[in-house]
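Structure record follows, encoded as structure tokens.
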Amino acid sequence: MRLLISYLKEKLPVIGVYAVMLVIFCILLWLKEVPFDVIGYGAELSAIWLLFVGALNFWFYRKRYQSLLDLSAALPHELKEFPDPKSRIEAEYQEITETIFAWREMLENEVLLSKKDASDYYSLWVHQIKTPISAMHLLIQSFEEQAMEFEEHAEETLDFLNEMKMKIFQTEEYVGMVLSYLRMEDMGNDLKFQWYPIGDIMRQAVRKYSQIFILKKIHLNFQDSRQMVLTDEKWLLFVIEQILSNALKYTSSDEVRPPKAGSISLYIKGTELVVEDTGIGIAPEDLPRIFERGFTGYNGREHQKSTGIGLYLCKTIIQKLGHSIRAESRVGVGTKIYISLEREDVKFE
């Protein structure tokens, strides 16, 4: 009905001109004293012809409209062939549209090539930088062995080496984050969904950070679980590791904080995995934005520890896995990060 109304509005000037011409001819025939029945018969035939031509024209109009709908549905990925133009102006519009679409495709290809070059470069950089990091690990290990032979300054040297270990570990973390960021856009092709015991994934994350827990003297409360989760093990593990890394970053040891502080808990509550820390907490005004890309908040600016990328990666990956993530926090008390283990189907474009 809307299409018919639109068609009538478009043809209204033509219908108006036709009606005026019909009235003029009827008046002229009347002035020539042509019988009314002949004039009426001619008007009826003229109206029937108008309806027939109008109906046929509307059929073509509707067919043309459907072709444009099909063309619109294929955008922006494909520009289908336009229906034949009915005027020179319409042909010019079609040519302009095709030119714009061709330019858009060319620019997209240039951007994709540029992104691929950047991705290839940073991927190469990530793999190359692992060599000096491994070398530093070996050097630290060698220094540790030498420090044990000299008791006079052994404690100071070991403290220094432990600090170096933490810095190298943080460097490895940032390198891994770069690699995950590069792979994230195409992670749909890398996903492998299976049923996993969530406790096994949690233990892998804890094992990675075990040395940091020891070096920072932070207590771990770990509650094992045999609950099964349908997910991709590699990517969910990355998210848990990032959250543990954040918790360790902003949680002080028992030697610095009160006895109740200096602990991180990892457990399952219902259908959610919870990472709870006794760290400095997140300001209420910052909490709604912590998963935004590049957002560091008050803590990140004050302590200069945040890149604003880690939690953004977690949020993006969790959404692509079909899970969900949320946070609760109180300043000076600590933070809880909840990861829902339930899963919704996700469509990758």
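The values are calculated or read from the model by the stated rules, or taken from the named source; none is laboratory data. Model, not experiment: these values are computed from the prediction. Please note: Cβ atoms are built from the backbone with ideal geometry, for glycine as well, and neighbour counts cover all protein chains shown. Heads up: the accessible areas ignore ligands, DNA and RNA and are worked out on the full protein's heavy atoms, side chains in. Shrake-Rupley method; radii C 1.70, N 1.55, O 1.52, S 1.80 Å.
Within the assembled protein chains, the solvent-accessible surface assigned to Y267 is about 40 Å², based on a 1.4 Å probe. Given +1 at the Cβ of Lys and Arg, -1 at the Cβ of Asp and Glu and no other charges, the dipole of the chain around its Cα centre is 1160 debye to the nearest 20. In terms of its C-alpha gyration tensor, the range 163-244 comes out oblate, because a/c is 1.5 or above while a/b does not outweigh b/c.
With Cα atoms as the point set, the radius of gyration and Dmax of the chain evaluate to 35.6, 134 Å. What a 1.4 Å probe finds exposed on the chain is 60% carbon and sulfur by accessible area, rounded to a whole percent. Result for the chain in a Gaussian network model with C-alpha springs under 10 Å: among T271, T251, T99, the largest mean-square fluctuation is at T99. Note on W125: accessible area approximately 90 square angstrom, rounded to 10, probe 1.4 Å, nucleic acids and ligands left out. In this model, which of K208/K269; K115/K249; K130/K336 are farther than 30 Å apart at the alpha-carbon? Beyond 30 Å: K115/K249; K130/K336. Within the range 1-83, the proportion of Cα pairs with more than 17 Å between them is 61 percent.
Each Lys or Arg adds one and each Asp or Glu takes one away; over the other residues whose Cβ falls under 15 Å from the Cβ of E110, this sums to 0.
Dipole orientation for the chain: of the candidates I337, F25, L139, F25 has the Cα lying most toward the positive pole (charges on Cβ; Lys, Arg +1; Asp, Glu -1).
The GNM of the chain, with springs linking C-alpha atoms under 10 angstrom apart, assigns the highest mean-square fluctuation among R62, R226, R203 to R62.
Put simply, the range 113-189 fits an ellipsoid with semi-axes of 37, 11, 8 Å; these come from the alpha carbon gyration tensor as the roots of five times its eigenvalues, largest first. Estimated from helices alone, the mean residue ellipticity of the chain at 222 nm is -21500 deg cm²/dmol (sum of -39500 (n - 2.57) over DSSP H runs with n ≥ 4, per residue). Give the separation of the Cα centroids, the range 157-202 to the range 90-142, in Å. The range 157-202 and the range 90-142 have Cα centres spaced 22 Å from each other. Which residue, Q170, L75, P35, has the largest displacement toward the positive end of the dipole of the chain when charges sit on each Cβ (Lys, Arg +1; Asp, Glu -1)? Of Q170, L75, P35, it is P35.
What the chain shows is 66 Å² of accessible area per residue, with the surface traced by a 1.4 Å probe over protein heavy atoms.
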